[in-house]
1. Test residue 61 against the criterion of being surrounded by fewer than 19 Cβ atoms within 10 Å (Cβ to Cβ) and within 28 Å of residue 257 (Cβ to Cβ), and give yes or no.
2. When residues of the range 149-162 are filtered for being surrounded by 23 or more Cβ atoms within 10 Å (Cβ to Cβ) and part of a loop (DSSP other than H, G, I, E, B), how many remain?
3. Which condition number does residue 256 fail, the rest of (1) touching a helix residue (DSSP H, G or I) at 6+ places or on another chain (Cβ under 6 Å); (2) under 30 Å from residue 160 (Cβ atoms); (3) modelled with pLDDT of 95 or more being met?
4. Does the range 134-159 hold any residues that are in contact (Cβ under 8 Å) with a residue 24 or more places away in the chain and on the phi > 0 side of the Ramachandran plot, and which are they?
5. Kindly indicate whether residue 135 is buried (at least 16 other Cβ atoms within 10 Å of the Cβ), more than 27 Å from residue 14 (Cβ to Cβ) and at pLDDT 95 or above.
6. From the list 126, 131, which one is closer than 27 Å to residue 172 by Cα, in contact (Cβ under 8 Å) with a residue 24 or more places away in the chain and part of a loop (DSSP other than H, G, I, E, B)?
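The values are calculated or read from the model by the stated rules, or taken from the named source; none is laboratory data. Quick caveat: nothing in here was measured; it's all calculated off a predicted structure. Methodologically, a virtual Cβ is constructed for each residue, glycine included, from the backbone with ideal geometry; neighbour enumeration extends over all protein chains shown.
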């Protein structure tokens, strides 16, 4: 499983071999591990891609780093890409067995949350209390391996790091990478930012992934939801692959192929606007 150790190895590869890229820390996790952001390109339009909210979905962290390594420099002409490959390093290390889980999970292999038992993609300020109520209806009232969104929006250092980054950089596009479902979400609570339709038109010609709207507990408090609500710019969630998280490594070649087409399409659409 891709976790903090693997990320550090990839950052060393960037430092030694990829001089067109750079990286910096945007904050720290609950356990003090760095949350890194990789940048590439020098264009005036800014895109944000975040992976690793959920610790069973770090195949998307692996995808994002491989995407950075394999993509041609020409793709990033006219844009600057900010890529946060592993927002939840503590959770990834729990799920991979490298650190001991807190006491409130029955099964370490199911761990999705951060070290405090907060699901980071339920911790954003976009219908937070609606999401909290929906999760409570499923019997989740406190720290848990999944879905518990915390006591208040941005209660967690990991999501605060994203908030701080978005305040610093005027992003024109935000993408959250998750698995699984082969779906792309594009709106929040009926809000469809200007420019979104062009992305959708291009995506429909590019991918077999379904353009959809999330339901149930996934309808509020996610990163994409907050970005759309807060900034009124296009935001998307990509639910990659099919199966049960964590997806098996045998699916990575197909997942990489599909997601590369999608992300390429989104960045090219941004450049054309």
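1. Against the criterion (surrounded by fewer than 19 Cβ atoms within 10 Å (Cβ to Cβ) and within 28 Å of residue 257 (Cβ to Cβ)), residue 61 does not qualify.
2. So the answer is 3.
3. Result: residue 256 passes all but (2).
4. Hits for the range 134-159 are 147, 150, 154.
5. On the way: buried (at least 16 other Cβ atoms within 10 Å of the Cβ): yes; more than 27 Å from residue 14 (Cβ to Cβ): yes; at pLDDT 95 or above: yes.
Judged against the criteria, residue 135 is a match.
6. 126
The rows are residues; the columns are (1) surrounded by 19 or more Cβ atoms within 10 Å (Cβ to Cβ); (2) in contact with a strand residue (DSSP E or B) (Cβ under 7 Å, 6 or more places away or on another chain); (3) within 21 Å of residue 147 (Cα to Cα).
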position	(1), (2), (3)
32	no, no, no
57	yes, yes, yes
84	yes, yes, no
90	yes, no, yes
95	yes, no, yes
